[in-house]
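The values are calculated or read from the model by the stated rules, or taken from the named source; none is laboratory data. Since this is a predicted model, take the numbers as computed values, not measurements. Note that we place each Cβ from the backbone using ideal geometry, even for glycine, and neighbour counts take in every protein chain shown.
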Amino acid sequence: MTFLLFLLVPWILATAQQEMPLYGDQPIPNSRPVPDQERLDSFYNPFRYVITNVSHPTLTIYKPAAQSSGTAVIICPGGAYYKLSMTGEGSDVAKWLNSIGVTAFVLKYRLPSGETMIDKVIGPLQDAQRAIQLVRECAGEWAVDTNKIGILGFSAGGHLASSAGTHFLQPTIPNNEHISLRPDFMILIYPLISLSDSITHWDSRHFLLGPNPDPSSILAWSNERQVTQQTPPAFIVQAENDPGVPVWNSLYFYEALIKNHVPAELHIYPKGGHGFGLHNTSTSDEWTDRLKNWLQSNGWLRN
């Protein structure tokens, strides 16, 4: 029993923040009436946890201890649209953002499944759009500036974040109050951007679109093809030797942003692989320092 409690303590601490159902007491849109089968897969690891089978999305708020800058960032953990890495790409990142005065929200978004969703392709984007909508609705309560709400994503979470930044004119959720669903900026860390054959991450594409997607779906969800002059500014980080998501995802997205006159900053490290989270141990350079500078220079942080 003591050993079991030892394993549980870090998970309890990591989830001790204010967690709320993403849709409150309203029905989850695009949802089938099936039992909740969410599972904690990394229970054996006391410092990291990964969840699968998410069908009941939540948003967990992390408030800075010191004075808030008014900036908020919604975090989309990665996991190939099959799982969510809720510590290294979730709560750890939220706590770092708190340290620089940013209010952070970890989004536990639905993972695509025909068993739990009517249309599994739009499910994750619905949750990202709802998170942006909810933070804007409650901005006063949470000391957030409605014009300083960004979205951050790792890997497949980067695909979701970039989808939020390129598909905001196509609402997938009820929005009777016409609240802007556009994030004010994107932070994309080793992001999957494209679902095209040549540079995609095949597992992520498979879980999102299925085994034999039609060309129109591939095009629609290849976000380097969806950039316009209205796309929000972006900060992008990736390693050149990434074995899972080819670095061309970041390069092509950056190129599309520049062609459309969207401000962007890109950092490519020679090494680091995939999934390095907050710290790329191949270098003494910290991408979080670069991010802090970028946020300050754009007026989203106090100097």
Problem set entry | Count of residues meeting criterion [among the small types (Gly, Ala, Ser), closer than 26 Å to Thr116 by Cβ and at pLDDT below 90] in the range 1-39 | 1
Problem set entry | the range 286-303: number of residues that are without any contact (Cβ under 8 Å) to a residue 24 or more places away in the chain and surrounded by 13 or more Cβ atoms within 10 Å (Cβ to Cβ) | 2
Problem set entry | From Ala104, Ala80, Ala131, residue being within 13 Å of the chain's Cα centre (by Cα) and under 19 Å from Leu195 (Cβ atoms) | Ala80
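I need the full set of residues from the range 229-250 which are without any contact (Cβ under 8 Å) to a residue 40 or more places away in the chain and among the β-branched types (Val, Ile, Thr), in order please.
Matches in the range 229-250: Val247 only.
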For this session: Can you run down the residue pairs with Cβ atoms below 8 Å, 6 or more apart or on separate chains, where the first is in the range 257-270 and closer than 19 Å to Thr281 by Cα and the partner is assigned to a helix (DSSP H, G or I) and not acidic (Asp, Glu)?
Result: Leu266/Ser250; Leu266/Leu251; Leu266/Tyr254; His267/Trp287; His267/Arg290; Ile268/Ser250; Ile268/Leu251; Tyr269/Trp287
For this session: Output the number of residues of the range 149-167 satisfying the condition of being over 10 Å from the mean Cα position of the chain (by Cα), within 22 Å of Leu278 (Cα to Cα) and part of a loop (DSSP other than H, G, I, E, B).
Result: 0
Problem set entry | Selected residue (only one of Ala80, Ala104 is at positive phi, buried (at least 19 other Cβ atoms within 10 Å of the Cβ) and at pLDDT 95 or above) | Ala80
For this session: Would you be able to tell me the number of residues in the range 94-130 that are part of a loop (DSSP other than H, G, I, E, B) and in contact with a strand residue (DSSP E or B) (Cβ under 6 Å, 6 or more places away or on another chain)?
Result: 1
For this session: Within the range 45-59, work out how many residues are at pLDDT 60 or above and either assigned to a strand (DSSP E or B) or aromatic (Phe, Trp, Tyr) (or both).
Result: 6
For this session: Can you tell me which residue among Ser42, Ser68 is more than 29 Å from Leu208 (Cα to Cα), modelled with pLDDT under 95 and hydroxyl-bearing (Ser, Thr, Tyr)?
Result: Ser68
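Select, from Phe276, Phe253, the only residue that is more than 29 Å from Met117 (Cβ to Cβ) and touching a residue at least 60 places away in the same chain (Cβ under 8 Å).
One residue alone meets the criteria, Phe276.
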